[in-house]
Amino acid sequence: MKSWVKRLAVGFVFAILGLNFAAAGLLIWLGGSLPQIEGEKRLPGLSESVEIRRDDAGIPVIRAASMADATFALGFVHAQDRLWQMESMRRIGAGRLAEIVGTLSESLGEEILPIDRFTRGLGFYRRAEAAYERASPELKAALKHYANGVNAYLATREGPLPPEFVALFHEPEPWTPADSLVWQQLMAFQLGTNWADELVRLRMAEAGLTAAQIDFLYREADGGASRPIEIKQGRIAPHLLDQAVRFAASMPPQLAPQGASNAWALSGSRTESGKPLLANDPHLRLTNPNLWYLARIETPEGVRVGGTVPGVPFLVLGHNGKIAWGFTTPNADIQDLFIEQIDPSDPARYLAPGGSRAFETREELFLVGSRERRETFRSTRHGPVLSDITGRAESIDASAVLAIAAPSFATDDASPEAFFRLSGASSVPDAIDLLRDFSSPAQNITLADRDGNIALLFAGRVPERVAADGFLPAEGTQESGDWTGWVERDRLPLQLNPESGAVLQANNRLAGSDPDLSLGREFEAPFRAQRIRAAIEDMGDKATLNMQTGLQMDTLSVEVSGMLDLLLPRLRAEALTDGARAAVGTLRAWDGRIQRDRAAPLIYTLWTSLLHRRIFGDELGHLIKEYRRVRPHMFEAVIREAPEWCDDIRSDAVEPCETAIRESLEEAIARLTAKYGADQTGWLWGRAHEVEFRHLLWSRVPVLRDLLNASPVTDGGDYTVNRGSPSVRISDGDFSFPHVHGAGIRAVYDLSDLDASLFSTSLGQSGNPFSEHYQDLAIAWADGSYRTVGSGPAPGTRTLILRPE
């Protein structure tokens with residue numbers, strides 16, 4: 001071998017070895033970002049020593065001599081385990097994410113900038129700062145103690161920051177009380193749920209659909225009465241609508257409209273112990289890290305146990321030794337869009353009843369890395385101009401813009417105060433009284449106490465409108481859509497100790513005390529509620545804790561039997577291929593349980609998804625992506641009442657529904673065969689239904705996206721109690737149904753022994769990929785394994801003592 005070739009080969013080997021050693025050194029250094037969880041640590045800001053014991057899952061038990069020190073310690077442990085989650089949350093809320101992402105990549109910063117413009121345009125952080133200024137002295141003190149704990153960690157940590165900070169070359173600023181309060185603003189907007197649907201319906205109108213067609217497409221699943229709607233087309237520039245709809249569809253999980261959940265409570269008359277049981281599993285977009293962080297706090301003032309949110313200084317859902325509580329989203333129509341006509345004689349003004357008014361304007365400075373950008377945002381009498389958020393105000397050429405109104409925008413929103421005081425409630429009646437000041441996000445709150453009380457109440461503000469119902473954007477030039485105040489609390493739903501001995505909620509419609517009160521028309525289909533109600537009845541009067549966890553993991557999708565009874569008789573066996581006939585046999589033998597090891601759920605989901613596109617896709621065109629969710633009640637409405645929807649308007653032939661049903665099934669079988677082979681026993685739901693936990697940063701990096709994301713296969717579908725809502729991704733060449741929405745936390749509280757209460761959370765307690773608790777709970781969560789968060793000794797306990805400096 002020539003000498004230069006040998007030298008090149010040796011040099012290549014040493015280069016590879018050097019890279020390996022460098023990579024190993026980098027990994028060892030990054031491993032130093034793990035926090036100290038044993039021994040002692042002296043910190044400024046403490047009054048007395050605090051004990052923090054972590055069990056084998058990294059769940060902390062905080063023991064302190066005062067609630068002030070306990071709150072300090074909660075801020076400290078949140079920062080230890082979830083610092084990036086806290087940083088990204090406050091920066092999203094403040095509209096300051098692009099300035100740190102842009103230091104790594106200007107193009108990525110530009111990609112993130114619309115998120116900043118959205119939250120800054122809506123003024124989330126300004127309202128958080130205002131909420132702090134009007135907070136009670138007790139809440140201000142708690143926020144300060146928590147911030148001091150976070151900052152004590154930042155000031156005394158050793159080693160590098162978590163990997164996200166290293167990748168972005170970013171050092172976090174000190175934590176402030178407003179940083180904690182901005183989370184409520186984010187959740188209030190996210191769980192309002194219906195503003196994006198108003199956009200879609202407006203886009204449908206602009207695309208030429210009639211009022212009757214739009215009303216039909218949004219027929220209520222529970223049989224609610226249809227109400228006439230009025231459409232005026234051509235009121236807003238198409239490009240503004242397109243921008244707004246595209247942005248609404250692509251928002252990150254922290255902002256995207258969403259909300260579902262299950263909650264129920266049984267009185268002692270229905271339980272084996274004679275004391276209430278309460279179950280709750282809030283459903284949100286599944287993220288990495290998980291939104292929820294389990295913790296137990298013990299002080300002489302009492303105990304707090306359950307789900308906290310990193311960045312927030314109080315227990316969000318859980319129990320306090322006296323009462324337990326859980327949340328579900330009511331899906332009430334509490335956000336409205338307004339079409340504001342610009343004054344043709346003065347673009348700085350808009351038309352209103354009684355004459356034109358000047359836009360309120362403000363200028364905001366954005367940073368993408370170190371590059372500055374100044375933009376102007378406008379507001380009308382109804383609220384911020386949404387059009388300015390999706391496109392720069394100074395470049396918009398339009399005769400009308402969209403403004404948005406929401407209860408969380410009110411200057412007297414006292415929701416953080418109600419959240420804070422709820423964790424100190426002594427009974428269900430006490431909690432109901434404390435929640436009267438709760439404004440947003442509107443929530444159905446399920447309660448139970450040791451005295452035997454149970455309750456379900458609607459907490460939050462609902463706008464009282466002059467005439468409109470919020471289904472479509474209102475005309476800003478008229479008064480019909482204006483808000484005149486808030487619906488009186490006594491008219492909203494409240495069930496206290498009902499004779500049935502049970503309350504339940506699964507985002508279905510709740511009746512208020514006023515039969516004339518309308519809370520909207522977009523409630524969840526009642527399938528989960530029906531299944532929960534039937535299961536509770538089957539429990540009789542001997543319900544146990546484990547029965548409730550079993551119900552939370554229930555996989556029976558009750559709409560399946562009705563759907564198959566509707567669709568299968570419309571298939572003629574002689575007209576089907578062999579593969580389709582075999583699939584029909586599988587579906588006929590199926591009990592409707594959406595389980596990972598069965599083929600029927602995958603056949604059914606792909607078939608009905610394709611049928612949905614076949615029936616509605618020709619009329620909706622590209623808007624079928626926005627009307628994307630399969631609605632079983634709509635199949636029945638089409639087939640029994642409006643079969644003209646089955647006809648493809650793009651062809652000359654008139655196709656009956658039977659043709660659409662058969663051809664969709666055949667297409668599903670062809671797609672499944674091409675992807676998984678002809679053996680239908682291998683077409684398992686779990687092969688297409690892996691969990692997708694999206695990380696704000698790593699999910700954008702192809703290799704790290706796979707390395708740093710647990711993807712267990714799961715059971716469940718859109719309408720099972722064990723919510724396994726998939727993202728339906730069907731292209732010309734492929735399909736998948738990744739599990740993207742579900743219960744990030746499950747909890748069941750036993751009011752006869754609250755220390756026996758059970759919890760299950762997705763992923764793990766730590767957001768640091770070098771931690772053993774990064775994803776150690778993912779499989780247990782997917783399989784329905786629960787754990788207690790009690791005060792007694794736990795295996796693998798590690799103890800850290802925080803002492804005053």
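Brief remarks on what is shown
- Region 66-109, subset in contact with a strand residue (DSSP E or B) (Cβ under 9 Å, 6 or more places away or on another chain) and of a type in the set (Phe, Trp, Tyr), residue nearest to residue 47 (Cα to Cα): 72
- The residue list 207, 178 contains one member that is surrounded by fewer than 18 Cβ atoms within 10 Å (Cβ to Cβ) and among the hydrophobic types (A, V, I, L, M, F, W, C), which is 207.
- Neighbours by Cβ (under 8 Å, 6+ apart or cross-chain): first from region 349-361, surrounded by 15 or more Cβ atoms within 10 Å (Cβ to Cβ); second of a type in the set (Asp, Glu): 349/343; 350/340; 350/343; 351/340; 351/343; 356/343; 356/346
- Of all the residues in region 174-199, those that are in a loop (DSSP other than H, G, I, E, B) and either among the basic types (Lys, Arg) or more than 16 Å from residue 85 (Cβ to Cβ) (or both) number 6.
- Note on region 200-219: residues that are over 21 Å from residue 330 (Cα atoms) and outside any helix (DSSP H, G or I) total 4.
- Against the test of being without any contact (Cβ under 8 Å) to a residue 40 or more places away in the chain and either aliphatic (A, V, I, L, M) or assigned to a loop (DSSP other than H, G, I, E, B) (or both), the options 721, 740, 748, 703 yield a single qualifying residue, 703.
- Some residue of region 388-398 being of a type in the set (S, T, N, Q), at pLDDT below 95 and within 30 Å of the chain's Cα centre (by Cα): yes
- A single entry from 496, 517, 510 fulfils the requirement of being among the hydrophobic types (A, V, I, L, M, F, W, C) and at pLDDT 95 or above: 496.
- Residue 659 within 18 Å of residue 608 (Cβ to Cβ) and either out of contact with any Ser or Thr (no Cβ under 7 Å at 6 or more places or on another chain) or not aromatic (Phe, Trp, Tyr) (or both): yes
- Qualifying residue in region 760-773 (condition: in a strand (DSSP E or B) and buried (at least 20 other Cβ atoms within 10 Å of the Cβ)): yes
- Hey, residue 687 part of a loop (DSSP other than H, G, I, E, B) and not hydrophobic (A, V, I, L, M, F, W, C) or not: no
- Only one entry of 573, 599, 589 meets the criterion of being more than 27 Å from the chain's Cα centre (by Cα) and modelled with pLDDT under 95, and that entry is 573.
- Residues that are modelled with pLDDT of 90 or more, closer than 28 Å to residue 242 by Cβ and among the basic types (Lys, Arg) within region 619-645 comprise just one, 631.
- Taking the criterion of being more than 20 Å from the chain's Cα centre (by Cα) and under 20 Å from residue 111 (Cβ atoms), the only residue of region 78-96 that qualifies is 96.
- A search for C-beta distances below 7 Å between a residue of region 439-454 that is among the basic types (Lys, Arg) and surrounded by fewer than 24 Cβ atoms within 10 Å (Cβ to Cβ) and any residue that is at pLDDT 95 or above and part of a loop (DSSP other than H, G, I, E, B), counting only pairs 6+ apart in sequence or on different chains, returns 450/275; 450/322; 450/751.
- Test: residue in region 785-796 that is outside any loop (DSSP other than H, G, I, E, B), within 23 Å of the chain's Cα centre (by Cα) and farther than 17 Å from residue 291 by Cα: no
- Residue that is surrounded by the most Cβ atoms within 10 Å (Cβ to Cβ), among those in region 123-170 that are under 28 Å from residue 40 (Cβ atoms), of a type in the set (D, E, K, R) and at pLDDT below 95: 157
- If you go through region 693-732 and keep only what is touching a Leu at 6+ places or on another chain (Cβ under 8 Å) and at pLDDT 90 or above, you end up with 693, 720, 721, 730.
- Boolean, residue 330 is of a type outside the set (A, V, I, L, M, F, W, C), touching a helix residue (DSSP H, G or I) at 6+ places or on another chain (Cβ under 6 Å) and under 26 Å from residue 183 (Cα atoms): no
- In the set (1) modelled with pLDDT under 95; (2) out of contact with any helix residue (DSSP H, G or I) (no Cβ under 6 Å at 6 or more places or on another chain), residue 473 fails one condition alone, (2).
- Among the residues of region 338-358, those identified as in a strand (DSSP E or B) and either polar (S, T, N, Q) or outside the structural domain of residue 378 (by TED's automatic domain parsing) (or both) are 341, 356.
- Test: residue in region 545-563 that is exposed (fewer than 15 other Cβ atoms within 10 Å of the Cβ), in contact with a helix residue (DSSP H, G or I) (Cβ under 9 Å, 6 or more places away or on another chain) and not in a helix (DSSP H, G or I): no
- If you check 658, 667 for being in a helix (DSSP H, G or I), buried (at least 17 other Cβ atoms within 10 Å of the Cβ) and within 33 Å of the chain's Cα centre (by Cα), only one passes: 667.
The values are calculated or read from the model by the stated rules, or taken from the named source; none is laboratory data. On a predicted model such as this, the values are computed, not experimentally measured, just so you know. Every residue, glycine among them, receives a Cβ derived from its backbone with ideal geometry; neighbour counts consider all protein chains shown.
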